[in-house]
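Only one structure is covered here, and it is reproduced in the block below.
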Amino acid sequence: MTLERADIEKIAHLARLQIDAEDIPLYARNLSGILELVEQMNRVDTTGVEPMAHPLEMAQRLRRDEVTETNQRARFQRIAPQVEAGLYLVPKVIE
Amino acid sequence: MHDKSISELAAGLRAREFSSVELTRHYLQRIARYDGRLNSYITVCEERALEQAAAADRALAAGDAVSLTGIPLAQKDIFCTDGVKTSCGSRMLDNFIAPYDAGVVERCDAAGMVMLGKTNMDEFAMGSSNETSWYGPVRNPWDTDAVPGGSSGGSAAAVAACLAPVATGTDTGGSIRQPAALCGITGIKPTYGRVSRWGMIAFASSLDQGGVMARSAEDAALLLKVIAGFDERDSTSADRDVPDYSAALNRDLAGLRIGLPREYFTDGLDTGVARVIEEAISEYRKMGAEVREISLPNTELAVPTYYVIAPAECSSNLSRFDGVRFGYRCSDPADLEDLYKRSRGEGFGAEVKRRIMVGTYALSAGYYDAYYLKAQQLRRLIRDDFARAFEEVDVIMGPTSPTVAFNLGEKSDDPVAMYLSDIYTIAVNLAGLPGISVPAGFVSGRPVGLQIIGNYFAEERLLNVAYRFQQATDWHRRIPEEFRG
């Protein structure tokens with residue numbers, strides 16, 4: 001699998017990553033190399049093999065439906081880039 | 001003081017030979033003197049450490065000391081520490097002061113330990129050489145031209161150079177065992193679920209596991225006892241008792257069945273490393289262990305499988321870094337999309353971006369079955385290989401890494417070559433098994449690690465098998481000359 005410039009631009013957009021134009025050829029080369037490595041997976045026929053999502057095959061634990069988290073907004077917003085009146089500020093989304 | 005084991009240090013504290021403040025100062029002075037050459041710490045917490053040490057001394061005087069009261073340690077900078085910068089080796093979190101403690105950190109505090117600082121690491125634990133850190137590479141104390149391994153390279157170098165008696169690490173594809181091997185120390189990656197992931201910054205959640213980097217199996221047993229155990233805040237935490245790892249260390253190894261996977265001793269393995277491993281195996285034969293060849297037929301597929309699963313999980317986990325609630329934000333964003341893209345583009349380094357993109361691609365519409373589903377199927381086959389092997393043997397042994405430490409810059413332009421250096425460690429994470437690396441000798445002055453893999457929750461056995469080797473050899477006692485004094 002060889003990725004072209006347009007593929008990298010599309011993947012970077014899906015991942016919301018700004019990639020400098022001059023770095024695209026290197027990313028294309030590196031990612032193509034990684035996908036080539038990954039394609040070795042196709043050497044094995046896995047028809048009928050149950051996919052394994054978790055090493056211990058454990059069931060998800062459930063907890064009681066009780067409030068366990070307290071409101072720590074002020075504490076958490078101390079490390080935010082930009083807040084005002086308890087709100088996180090981002091550039092205007094709706095005109 | 002710095003050549004002593006943790007139990008010797010604990011005994012010294014209890015006998016008032018020295019105080020925790022004196023011990024802590026000693027390590028802080030060593031860090032100040034030597035770490036300029038190694039770059040093993042991102043943050044040194046001098047004031048906080050001395051306060052913790054003074055509190056430990058008060059507890060010791062009052063007879064309130066618990067297991068490791070007053071013993072200093074270093075925390076990998078992936079564990080959140082309340083009020084202390086937690087960078088994960090990334091520009092993205094350079095300004096992140098964690099608002100809470102990780103489960104591992106809480107447990108170390110409860111055991112009375114003193115945190116010297118936070119250690120350097122590959123950015124978001126993605127790397128095998130510690131060269132992807134935003135804070136610059138760490139150097140190997142045995143040869144400062146060489147990498148320390150990664151991603152827990154700072155913890156490995158700090159312990160090897162005696163800039164901390166013991167440290168924590170995390171292991172997603174070998175990140176405890178490989179740097180332990182390359183720096184000549186002991187590193188244990190427990191069974192998936194054994195150590196809480198709460199507050200441990202996530203890379204690949206079905207693989208990530210915290211563990212211990214120490215100078216010996218004896219020391220590792222003490223710290224693992226502290227950090228292991230159930231934590232309801234981690235949804236995949238294992239709810240089972242933690243044994244007293246120290247109690248079983250000296251168990252006799254006569255009749256121990258050791259499996260050597262034939263796939264681990266092939267052309268890719270450096271001949272010098274192979275020789276060291278064979279000598280280590282013959283030590284075990286002398287102790288009465290039975291050695292037999294086994295097969296793990298899907299070994300070669302572990303790296304390709306891992307490089308789908310780990311990037312897929314990373315692309316999902318790292319989507320939280322968006323420049324809105326915490327972490328890096330680009331300047332003057334034009335709109336929300338620009339804010340996301342530039343904050344992430346500028347905040348993440350090249351390796352992290354590569355992995356996010358590989359994961360995004362593998363999970364994107366139309367490719368899911370070919371990549372992610374296929375990888376999960378192979379993951380089962382790899383796990384089944386181990387399950388079959390453990391019907392015949394008690395532990396599996398082989399090299400931790402195919403070569404000794406390589407030079408800085410040697411593989412940094414070739415991601416695939418770097419990935420292949422983890423060929424012996426990655427399958428263990430995919431299967432969720434525990435593994436330990438122990439120092440077994442040197443090739444051209446650089447350390448070699450012996451990897452011992454056990455069945456699920458066999459940490460006690462692994463530490464016992466490692467300890468007996470360390471009773472028969474002295475590789476783990478070596479300290480690099482430059483850092484001895």
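Is it true that some residue in segment B:396-408 is open to solvent by 10 Å² or more (accessible area, probe 1.4 Å), among the polar types (S, T, N, Q) and facing chain A (nearest Cβ under 7 Å)?
No: zero hits.
Is segment B:352-364 home to any residue that is over 22 Å from A:H54 (Cβ atoms), open to solvent by 30 Å² or more (accessible area, probe 1.4 Å) and small (G, A, S)?
The answer is no, given that none of the residues of segment B:352-364 is over 22 Å from A:H54 (Cβ atoms), open to solvent by 30 Å² or more (accessible area, probe 1.4 Å) and small (G, A, S).
Does B:Q377 satisfy the criteria of being outside any loop (DSSP other than H, G, I, E, B), open to solvent by less than 10 Å² (accessible area, probe 1.4 Å) and among the polar types (S, T, N, Q)?
No; evaluated as a whole, the condition is false for this residue.
Being in contact with a Lys or Arg (Cβ under 8 Å, 6 or more places away or on another chain) and open to solvent by less than 10 Å² (accessible area, probe 1.4 Å) narrows it down to one residue among B:A217, B:A164, B:A157; which is it?
Every option except B:A157 fails the conditions.
Looking for something in a loop (DSSP other than H, G, I, E, B), in contact (Cβ under 8 Å) with a residue 40 or more places away in the chain, polar (S, T, N, Q) and within 22 Å of B:R292 (Cα to Cα) - is there at least one such residue anywhere in segment B:402-415?
No; the residues of segment B:402-415 include none that is in a loop (DSSP other than H, G, I, E, B), in contact (Cβ under 8 Å) with a residue 40 or more places away in the chain, polar (S, T, N, Q) and within 22 Å of B:R292 (Cα to Cα).
Anything in segment B:214-235 that is assigned to a helix (DSSP H, G or I) and among the hydroxyl-bearing types (S, T, Y)? List them, or say none.
none
Hey, any hits in segment B:281-304 for a residue that's of a type in the set (F, W, Y) and under 24 Å from the mean Cα position of the chain (by Cα)?
Checked segment B:281-304: no residue is of a type in the set (F, W, Y) and under 24 Å from the mean Cα position of the chain (by Cα).
Is there a residue being hydrophobic (A, V, I, L, M, F, W, C), surrounded by fewer than 21 Cβ atoms within 10 Å (Cβ to Cβ) and either under 22 Å from B:V303 (Cα atoms) or at pLDDT 95 or above (or both) anywhere in segment B:436-449?
yes
Okay, residues lined up against (1) closer than 26 Å to B:S412 by Cα; (2) in a helix (DSSP H, G or I); (3) touching a helix residue (DSSP H, G or I) at 6+ places or on another chain (Cβ under 6 Å); (4) at the interface with chain A (Cβ under 7 Å from one of its Cβ atoms):
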residue: B:A312; (1), (2), (3), (4): yes, yes, yes, no
residue: B:S316; (1), (2), (3), (4): yes, yes, no, no
residue: B:R325; (1), (2), (3), (4): no, no, no, yes
residue: B:C330; (1), (2), (3), (4): no, no, yes, no
residue: B:G345; (1), (2), (3), (4): yes, yes, no, yes
residue: B:M357; (1), (2), (3), (4): yes, yes, yes, yes
residue: B:L373; (1), (2), (3), (4): no, yes, no, yes
residue: B:I382; (1), (2), (3), (4): no, yes, yes, no
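Among residues belonging to segment A:43-69 that are farther than 23 Å from B:A387 by Cα and open to solvent by less than 100 Å² (accessible area, probe 1.4 Å), point out the one that is farthest from the other protein chains (Cβ to nearest Cβ).
In this case the residue turns out to be A:T68.
Within segment B:422-431, which residues are buried (at least 24 other Cβ atoms within 10 Å of the Cβ) and assigned to a loop (DSSP other than H, G, I, E, B)?
B:D422, B:Y424, B:T425
Considering only segment B:44-67, I want to know if a residue exists there that is more than 28 Å from B:G210 (Cβ to Cβ), assigned to a loop (DSSP other than H, G, I, E, B) and either small (G, A, S) or open to solvent by 60 Å² or more (accessible area, probe 1.4 Å) (or both).
Checking segment B:44-67: at least one residue is more than 28 Å from B:G210 (Cβ to Cβ), assigned to a loop (DSSP other than H, G, I, E, B) and either small (G, A, S) or open to solvent by 60 Å² or more (accessible area, probe 1.4 Å) (or both).
The values are calculated or read from the model by the stated rules, or taken from the named source; none is laboratory data. The model shown is predicted, which means the values in this text are computed figures rather than measured ones. Quick reminder, even Gly has a Cβ in these numbers, built from the backbone with ideal geometry, and neighbours come from all protein chains shown. Please note that ligands, DNA and RNA were not included when accessible areas were found on the heavy atoms of the full protein model with its side chains. Shrake-Rupley method; radii C 1.70, N 1.55, O 1.52, S 1.80 Å.
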